[in-house]
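A quick write-up on the structure given underneath.
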Amino acid sequence: MSGPAPAASPVRVAVLGAMGRMGQAVCRAVDAEVGLALVAAVDSGRPGEPVGVGGLVSAASPGVLLDAGAQVAVDFTVPAAALPNALWCAGHGLHCVVGTTGFGAEGLEAMRAAFAPGPANCIVAPNFAIGAVLMMRFAEMAAPWFDAVEIVELHHDGKLDAPSGTSLLTAQRVAAARGAAARRTAPADAAADPAPGAEPAARGQAVAPGVHVHSVRLRGLVAHQEVLLGTAGQVLTLRHDSLDRASFMPGVVLAVREVPGRRGLTVGLESLLGL
Ligand code: NAP
């Protein structure tokens, strides 16, 4: 006799940094999502209001994740905590979704090595807003057609790292796209600054060959980025604005659902979106 198929068990999710700005939004999003269950909400233990969405706020070690039977940990903490948290997850067989930014290329390589043997996987994305992922892709597509690219990233004044992880990844992709195009056509001197006499601080930081990033920190902002591409007689401006932390939630939920099936370390949401 056949009846309706039994409902699949929900994916058991723990949130690290649960009392932070992003962590609270992630707890609410996971709690509201069919097929996901918030089983632990862990923070560094400062006094404050509980997140109040059915999770458990704890100052305890990450061992609380094992006690709660978590399958996926979502990290929105601080750069100094995100890497040890991810390595701990790799060592204990927990899938990990990392949104924290600012732990550097070496940190990323350490994560790649830690998750390579399995069985746990990891998705790291400096920006979970699908519009921002598209902005990076559009910048990469446009870059070979323009002589110069500058990035202006603007964030709230509580952001710890600068330049932002999104601007760093955008700059790397833009530089790679320009480099690949230069190999097909005439080589361009991407590192040449068109304003060699300028005060260096006024030109932002050259984070990739020929790509300067300017970081604005201002109360009232959330997360914004402009990519300015210029060539003779024209400028193309790509701009993305996260006006609310809700903008990041569809990407976080997608990553939580996908991470068990994505072997090793995945950087960015592009492959999840089929870009
Ligand atoms: P936030 O409000 O400062 O929240 C961070 C939280 O993590 C705080 O409650 C902090 O507690 C807690 N924490 C620190 N160390 C911890 C540990 N070892 N274990 C557990 N919790 C710990 O910061 P936010 O604005 O939410 O941003 C968090 C991170 O996400 C930043 O790196 C930011 O750049 C990044 N971000 C990423 C995206 C994306 O789409 N990928 C979007 C927005 C933000 P204390 O205050 O007691 O230290």
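Look at P209 and say whether it is over 24 Å from M111 (Cβ atoms) and surrounded by 16 or more Cβ atoms within 10 Å (Cβ to Cβ). Against the criterion (over 24 Å from M111 (Cβ atoms) and surrounded by 16 or more Cβ atoms within 10 Å (Cβ to Cβ)), P209 qualifies. Looking at P144, P119, P126, just one residue is surrounded by fewer than 24 Cβ atoms within 10 Å (Cβ to Cβ) and within 9 Å of the ligand (Cβ to nearest atom), and that residue is P126. Looking across G54, G48, one residue alone is at pLDDT below 90, in a loop (DSSP other than H, G, I, E, B) and surrounded by 12 or more Cβ atoms within 10 Å (Cβ to Cβ). It is G54.
Answer yes or no as to whether L160 is of a type outside the set (S, T, Y) and either closer than 24 Å to T231 by Cβ or open to solvent by less than 30 Å² (accessible area, probe 1.4 Å) (or both).
Values: of a type outside the set (S, T, Y): yes; either closer than 24 Å to T231 by Cβ or open to solvent by less than 30 Å² (accessible area, probe 1.4 Å) (or both): no.
Considered against the rule, which asks whether it is of a type outside the set (S, T, Y) and either closer than 24 Å to T231 by Cβ or open to solvent by less than 30 Å² (accessible area, probe 1.4 Å) (or both), L160 comes out as no.
Would you confirm whether or not the stretch 224-234 contains a residue that is open to solvent by less than 60 Å² (accessible area, probe 1.4 Å) and within 14 Å of the ligand (Cβ to nearest atom)?
Checked against the condition, which is being open to solvent by less than 60 Å² (accessible area, probe 1.4 Å) and within 14 Å of the ligand (Cβ to nearest atom), the stretch 224-234 yields at least one hit.
For the stretch 235-265, the set of residues classified as open to solvent by 20 Å² or more (accessible area, probe 1.4 Å), within 30 Å of R112 (Cβ to Cβ) and assigned to a strand (DSSP E or B) consists of L238, H240, L265, listed by residue number.
The values are calculated or read from the model by the stated rules, or taken from the named source; none is laboratory data. Just so it is clear, the structure is predicted and the values come from calculations on it, not from any experiment. Methodologically, a virtual Cβ is constructed for each residue, glycine included, from the backbone with ideal geometry; neighbour enumeration extends over all protein chains shown. SASA here: full protein model, heavy atoms, side chains in, ligands and nucleic acids out. Shrake-Rupley method; radii C 1.70, N 1.55, O 1.52, S 1.80 Å.
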